[in-house]
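One structure is given here, and the rest of the page talks about it.
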Amino acid sequence: MAKEIKNIWNNCLKVIKDNIDDHSFSTWFAPIKPLKLDSNVLTIQVPSSFFYEWIEEHYIDLLKKTIRKELGQDGKLEYNILVDVSQSGNTISVNYPSTDREILKNPSVDIPFDINRGTSKEIPNPFIIPGLKKIKVNSQLVESLNFDNFIEGDCNRLARSAGLAIAKNPGKTSFNPLFVYSAAGLGKTHLSHAIGIEVKKNFPDKTVLYVQTPEFLNQFIDAVKDGSTNDFVHFYQMIDVLIMDDIHSLAKKPKTQDVFFQIFNTLHQKGNQIILTSDKPPVELDEIEPRLLSRFKWGLAADLQVPDIETRIAIINKKLHKDGLNMPDDVIEYLAYSISTSIRELEGALISLVAHSSFNRKPITIELAKTMIDQYVRNSQREISIDYIQKMVCDYFNISVEQMHSASRKREIVQARQLAMYFAKTLTKNSLAGIGVEIGGKDHATVLHAVRTVKNLIDTDKHFRVYVEEIEKKIKF
């Protein structure tokens, strides 16, 4: 009898193989085992409920025709689904007749399976075999990292706009995947959480999952050890919006890249949204397989740049408003000008300043800010920015940065502009062309002329030399 059942199923497989591609056949039909034939009802065993749902949704017509070809018009199909029921890995099987959707919605057994059993419980673990009814998945989103707290500026407008478009229509825009990249501390994680939160707000029934790539790697390793790789992959293939943070961590991990390639393809084919973040653009990701990199480029790659001074001030004000704090404008400007390369460092400096004031019972003043920033800057090895140099020079001459950038030929404005260029050349590592762009949109020849003029005046004009020494002290202080 067992031989007869196997022959019947093999005949079915031959027909099925002729009608679908090799990859689909090896994925969805090779793992199936024929169990029994009773009264023209063929029972087949599938590894998980996901198999059952996928086959019923995508291949049921082909299966029906194949079964009836072998067993006659009265031939029927029944599934035997393995379900994990204990931490020790014991399983039970549950039988469901084909196309009985009421049973699908109301199973008698709905038992979660922990892919990370035996590992740390500190991180909420969403990895369970999807049961035969919808299971609520912990999205791992941080509610405070929403769009309301994400300040828009020229530095992030493209990525933020794309994120909002995705949140209104996940998986249906041309931004799939959305690949967000930048240096550390510029808001990649915040933006990805904000998109996920907005999707949940607009589509409460969608399954959204945020996961850091190192966490994904560890979970995959555990799944391999437990022999539950299929369930791991099947879980991810059911996510409506998958957010993978720090995808560059897949470098030098070929097996994990293979698994993610499968997950990516399935999600994209189903029209589910994929959001990836990285510290580099796709073209600079070394040791990631070319086939995976090509998929990263299918949608939109958007970078987050260093925020300009206005955006940095807005970030500080937003943080202060949220925490119910007040701070003098000159201190806010000092912080914004002093720390220009990282939003995370800027917020950290703000928190440190408030803590210094509170613990030492001192008012927040520019002097306290300078003392604290001096220590903070040494610890973080931050360089002086061109923005800060311009601010200090303009304050010294009592003019605005806008005036210095203007085409005015007034002596004090020209002198301020030349001094700003001189200090930018001597105190930063920026090129002449880069300095010119930052200071009024001038070319490198103008910057070179300014530097030479200032050096000449330092050697020939005692009063001018005093200006330079006083401004330099202000900048370095």
Residue in the range 337-356 that is modelled with the highest pLDDT, counting only those that are crowded, with 19+ Cβ neighbours inside 10 Å and over 30 Å from residue 276 (Cβ atoms): 353
Hits in the range 124-162 - residues which are under 15 Å from the mean Cα position of the chain (by Cα) and either modelled with pLDDT under 85 or within 16 Å of residue 240 (Cβ to Cβ) (or both): 139, 140, 141
Options 207, 213; residue that is among the polar types (S, T, N, Q), at pLDDT below 95 and under 30 Å from residue 347 (Cα atoms): 213
Counted residues, the range 433-467 - those being more than 15 Å from residue 387 (Cα to Cα) and in a helix (DSSP H, G or I): 24
Enumeration of residues in the range 141-170 that are within 23 Å of residue 238 (Cα to Cα) and surrounded by 19 or more Cβ atoms within 10 Å (Cβ to Cβ): 141, 163, 166, 167, 170
Residue satisfying condition, being at negative phi, touching a strand residue (DSSP E or B) at 6+ places or on another chain (Cβ under 6 Å), outside the structural domain of residue 348 (by TED's automatic domain parsing) and in a loop (DSSP other than H, G, I, E, B), within set 204, 170: 170
Candidate set from the range 320-336 (those that are of a type in the set (A, V, I, L, M) and over 17 Å from residue 475 (Cα atoms)); member that is modelled with the lowest pLDDT: 325
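Listed here are the residues, each with its yes/no results for (1) aromatic (Phe, Trp, Tyr); (2) modelled with pLDDT of 85 or more; (3) assigned by TED's automatic domain parsing to the domain that holds residue 81; (4) part of a helix (DSSP H, G or I).
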site	(1), (2), (3), (4)
13	no, yes, yes, yes
23	no, no, yes, yes
31	no, no, yes, no
36	no, yes, yes, no
53	no, no, yes, yes
56	no, no, yes, yes
67	no, yes, yes, yes
Which listed residue is crowded, with 17+ Cβ neighbours inside 10 Å and either at positive phi or at pLDDT 80 or above (or both), from 83, 46: 46
Residue in the range 270-284 that is over 24 Å from residue 162 (Cα atoms) and either at pLDDT 90 or above or surrounded by fewer than 16 Cβ atoms within 10 Å (Cβ to Cβ) (or both) present: no
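The values are calculated or read from the model by the stated rules, or taken from the named source; none is laboratory data. Small disclaimer: the values here were computed from a predicted structure and weren't measured. FYI the Cβ positions are ideal-geometry reconstructions off the backbone, even for glycines, and counts take in every protein chain you see.
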